[in-house]
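To start, the structure itself, in structure tokens.
Read-outs: derived from the displayed coordinates by stated rules, not from any lab. Predicted, not measured: the structure shown is a model, and the values here were computed from it. Ideal geometry is used to build each Cβ from the backbone, glycine not excepted, and the neighbour counts take in all protein chains shown.
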Amino acid sequence: MTQVQKIASKHQWIEETLHPSWQQRFNTEHTLCDIQTAYQHLVIFKNDWFGNVMMLDGNIQTTEKDEFIYHEMMTHVPLMAHPNPKSVLVIGGGDGGIIREVLRHPNVEKVVMVEIDEIVVEMSKKYFPNHSQGAFNDPRVTLIIDDAAAFLKKTNDRFDVILTDSTDPTGPGEHLFTEEFYQNCKNHLEKDGILVTQSGVPFMQPTGIYNMQNMLSTFFEAVDFYQATIPTYVGGPMVFGFATNAQTNSFDEIKRRATTVQNQLHYWTPKIHQAAFLLPPFLQALRTNKKSQIS
Ligand code: SAM
């Protein structure tokens, strides 16, 4: 066997199955974990470029290399836009990256994270320690293992910010993409609360942004979307839904507040924050279900 053959035979290719007509694949020498949990198929493997990679039901969830973009943008945009975020609800988020970012904000007093799958949390602590960086042990954090929709029906708590860091609308996350769920989110937000949702990659999932716009605008006066490109969520920038019934911080206020966290960050800045809300015409068209260049 030649050296090249030896290297090739050591590697296996793992394919993502998210999109029917386009795939990305990763090569790996080590599958670290392959478990069918009560809710989903969890696979964690090591890739030379992306580091440890997590898949659930064949869909990429997070990688060590590019997670900072997603976690910073999902967290700091609403926490910087809110006038005084003290309590935060994280929905899903089993890898711990969102709570790590939330805890950077000195005014946050309480973080509740509701994750359906305890095994994702346990395996993330083991294989993605840099995602949570000890955040699960922070006294401000309460981890609840439950379906987030069921939790919202039971709890009387209200939050300043709700972040839905869930899987795509299939499997255990499917009912988190419904009007009933967003109504419950709204009912558990304080008056000046902000909801942020992961809303997929619109170039590949063009109906997602329209559905989200439609559902959120039933309960919120101001609904907007902002973008960030996360390399392993293939097909272009992903969008985050941003919904509130209150006035958010001005750019000057965001710049003033940024000094508390900015030297710890690698993607979010006040200007990135502002620019991320600029959507090209084809995305604006998709929001309102008008014919767009890609539909
Ligand atoms: N950043 C990722 C993405 O954009 O695909 C999401 C990562 S995080 C690992 C997603 C988490 O949502 C998973 O751990 C999954 O178990 C959790 N989840 C799915 N459905 C849920 C539900 N109904 N309630 C609470 N957590 C849920």
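Take every DSSP beta bridge with both residues inside the chain and express the antiparallel ones as a percent of the total, to the nearest 5. Please report the intermediate quantities before stating the final value.
Working: 33 of 53 bridges.
Rounded to the nearest five, the antiparallel share is 60 percent.
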Using the 2.2 N^0.38 Å rule of thumb for compact globular proteins, work out how the chain stacks up: its C-alpha Rg over that value, please. 0.99
How large is ³J(HN,Hα) for each residue in region 202-218, as worked out from phi by the Karplus curve 6.51 cos²θ - 1.76 cosθ + 1.60 (θ = phi - 60°), to whole Hz, x for Gly and Pro? x, 4, 9, 10, x, 7, x, 6, 5, 4, 5, 4, 4, 5, 5, 6, 5
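Which value, in nm² and rounded to one decimal, describes the direction-averaged projected area of the C-alpha convex hull of region 3-61? Could you put the intermediate results ahead of the total?
On the way: hull surface 18.7 nm².
Result: a mean projected hull area of 4.7 nm².
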Just to confirm a number: summing +1 for Lys and Arg and -1 for Asp and Glu over residues other than Trp49 whose beta-carbon lies under 13 angstrom from that of Trp49, what do you get? -1
Kirkwood Rh and Cα-based Rg: tell me the resulting Rg over Rh for region 108-228, rounded to two decimals. 0.96
Using the basic label-point model (7 angstrom from Cα toward the beta carbon), what is the His19 to Thr170 distance in nanometres? 1.4
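Hand me the GluC sites (Glu not before Pro) from region 18-87 located in a DSSP loop with no more than 16 other Cβ atoms within 10 Å, in residue order please. Before the final figure, lay out each step's value.
Details: sites: Glu29, Glu64, Glu67, Glu72; in loops: Glu29, Glu64.
Counting only loop positions with at most 16 other Cβ atoms within 10 Å, the GluC sites (Glu not before Pro) in region 18-87 are Glu29.
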Whole-angstrom gap from region 124-195 to region 23-43, using each part's C-alpha centre: 24
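Rounded, prolate or oblate: pick one for region 171-295, where a ≥ b ≥ c are the square roots of the eigenvalues of its C-alpha gyration tensor, a/c under 1.5 means rounded, and failing that, prolate if a/b is larger than b/c, else oblate.
Since a/c reaches 1.5 but b/c is at least a/b, the shape of region 171-295 is classed as oblate.
Please give the length that would be gained between Phe282 and Asp34 if that part of the chain were fully extended, namely 0.36 nm times their separation in residues minus their C-alpha to C-alpha distance (nm, one decimal). Before the final figure, lay out each step's value.
Values: separation 248, 0.36 × 248 = 89.28 nm, distance 3.92 nm.
Taking 0.36 nm per residue and subtracting the Cα distance, the gain is 85.4 nm.
What's the local net charge at Phe282, with K and R +1, D and E -1, over the other residues with C-beta under 13 Å away? Numbers along the way, then the final one.
Working: positive: Arg287, Lys290, Lys291; negative: none.
Counting the neighbours of Phe282, the net charge comes to +3.
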